Every structure is written in structure tokens, then in C-alpha cells.
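The values are calculated or read from the model by the stated rules, or taken from the named source; none is laboratory data. Keep in mind the model is a prediction, meaning the values are calculated, not measured. Ideal geometry is used to build each Cβ from the backbone, glycine not excepted, and the neighbour counts take in all protein chains shown.
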Amino acid sequence: MDDALPGTDTRCGYPRIRTVPYPRGVRAILDVMTAPTTPTRGYTASKDQLLARLRRIEGQVRGIEKMVEDDRYCIDVLTQISAIQAALDKVGLGLLDGHARHCMHEGAAEGRADEMATEMMAAVGRLMKRG
């Protein structure tokens, strides 16, 4: 088309996008600044403590495995299983606390309080179910 304006795309009439090379390192900074952020969870502040506790529980489970391999007394194995369940319950309660204080607070601010309460109560119900 001869009557197209300079600097426009002749197919649609929109301005052309010109790419300009960035100085070294600037592109990486822009990518970091515009990258989507990971959502903050209720446990984010205590994530290191939570991971340490889960690793400790993992070690306890391995200990029970060794107890079974070594043919240890049944009651001793059951006692250790009970300790692991108590530790997992404590982790679960901590997660629920963080969810109630952080995630539900955000949900209420967004007008989703009932939805969040229903979701949390379902999670509590699953935690409370035992064989």
C-alpha cells in the first residue's frame, strides 16, 4: 500500500514494534522484575521450620522401617508409629493455623470467606478421620 503511514504495519495499520537491544544484564533484571511472583502461603514465614520438622518425621519413618527389618517388638513399633502420627498432626495443625490467619484473611478480603471456610472445614474433617 502506497498510502501507509511510515512506521506502521501495512497489514493492520498499527505501529511497528521495534526491538532495541538492551545493555548487558538489563534484560535479566527486567525479566526478574516482571516475572510472576510465587503466591505467599500461610506457612511461608515458617517454611524452614516446617521442612525441618518434615525431615525429622521422614527420619522417624525410616527408623520404623529399620525396626521392622530388625524384627523389633510389635509394641515398640506401634509406639513409634503413634509418635509419627502425633508429629504429623502437629504439622497439620500448624498449617491450618497459617491457613486461617493468612489465606482465609486474604480470601475474606476478596469476598470469598464462605468458600474458604468450607474448604478449611473439609480439610479439618479429613485430618480428623482416622482408620
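Things to note:
- Number of residues in the stretch 88-131 that are over 20 Å from the mean Cα position of the chain (by Cα) and either within 16 Å of Tyr43 (Cβ to Cβ) or not in a helix (DSSP H, G or I) (or both): the value is 4.
- Applying the condition of being of a type in the set (A, V, I, L, M) and free of Cβ contacts under 8 Å to residues at least 24 places away in the same chain to the stretch 95-121 and asking which residue is surrounded by the most Cβ atoms within 10 Å (Cβ to Cβ) yields Met104.
- Number of the exception - Ile57 against (1) at pLDDT below 70; (2) surrounded by 10 or more Cβ atoms within 10 Å (Cβ to Cβ); (3) assigned to a helix (DSSP H, G or I): (1)
- Hits in the stretch 61-87 (condition: among the hydrophobic types (A, V, I, L, M, F, W, C) and either within 21 Å of Ser46 (Cα to Cα) or under 23 Å from the mean Cα position of the chain (by Cα) (or both)): Ile84, Ala86, Ala87
- Pair list, Cβ under 7 Å, 6 or more apart: the stretch 70-93 residue over 26 Å from Gln49 (Cα atoms) and free of Cβ contacts under 8 Å to residues at least 40 places away in the same chain, other residue part of a helix (DSSP H, G or I) and not charged (D, E, K, R): Asp76/Met67; Val77/Ile64; Val77/Met67; Val77/Val68
- Counted residues, the stretch 60-88 - those being out of contact with any Asp or Glu (no Cβ under 8 Å at 6 or more places or on another chain), farther than 22 Å from Leu127 by Cα and either of a type in the set (Gly, Ala, Ser) or surrounded by 13 or more Cβ atoms within 10 Å (Cβ to Cβ) (or both): 4
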